[in-house]
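Taking it in order: structure first as structure tokens, then the write-up.
The values are calculated or read from the model by the stated rules, or taken from the named source; none is laboratory data. Keep in mind that what you see is a predicted model, and the values were worked out from it rather than measured. Heads up, the Cβs are rebuilt from the backbone with ideal geometry, glycines too, and the neighbour counts pull from every protein chain shown. We work out accessible area using only protein heavy atoms, side chains counted, and drop any ligands, DNA or RNA first. Shrake-Rupley method; radii C 1.70, N 1.55, O 1.52, S 1.80 Å.
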Amino acid sequence: TEITLDTLATVTGYSKWQITRVFRAMFGTTPYRYLLLRRLQKAKLLIAQGAQIVDAAHDCHFSDQSHFNRQFKKSFGMTPKVWYTLYSN
């Protein structure tokens, strides 16, 4: 289920800006970045278990493989293919 900042704001009675500030103070990152990193970690696990990169990107709800590759490289300093080559053995 997708949970948005607007939904959290409605449920908690705080503004989405207040939620973001508190979340960042607690977790050291924004809610968006946190969820993105969780999706990337799940994709790494799927790839390590033998899934094709394109399938891992799709299963983790990236809009396309190019978007997945950019976010993966930005977060981990290498593409998923390079990561798989280095760390899968």
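Structure above, values below:
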quantity	calculated
Whichever residue in segment 36-89 is outside any helix (DSSP H, G or I), open to solvent by 50 Å² or more (accessible area, probe 1.4 Å) and among the polar types (S, T, N, Q) and, among such residues, is modelled with the lowest pLDDT	N89
Any hit, segment 9-32, residues being within 24 Å of V82 (Cβ to Cβ), in a helix (DSSP H, G or I) and within 14 Å of the chain's Cα centre (by Cα)	no
Qualifying positions in segment 20-32 - surrounded by fewer than 14 Cβ atoms within 10 Å (Cβ to Cβ) and under 16 Å from Q71 (Cα atoms)	T29, Y32
Any pair with Cβ under 7 angstrom, 6 or more apart, that starts in segment 28-50 at a residue that is under 19 Å from S88 (Cα atoms) and ends at one that is among the hydroxyl-bearing types (S, T, Y) and at pLDDT 95 or above	L40/S75
Unmet requirement for W17, which otherwise passes all of (1) open to solvent by less than 70 Å² (accessible area, probe 1.4 Å); (2) out of contact with any His (no Cβ under 9 Å at 6 or more places or on another chain)	(1)
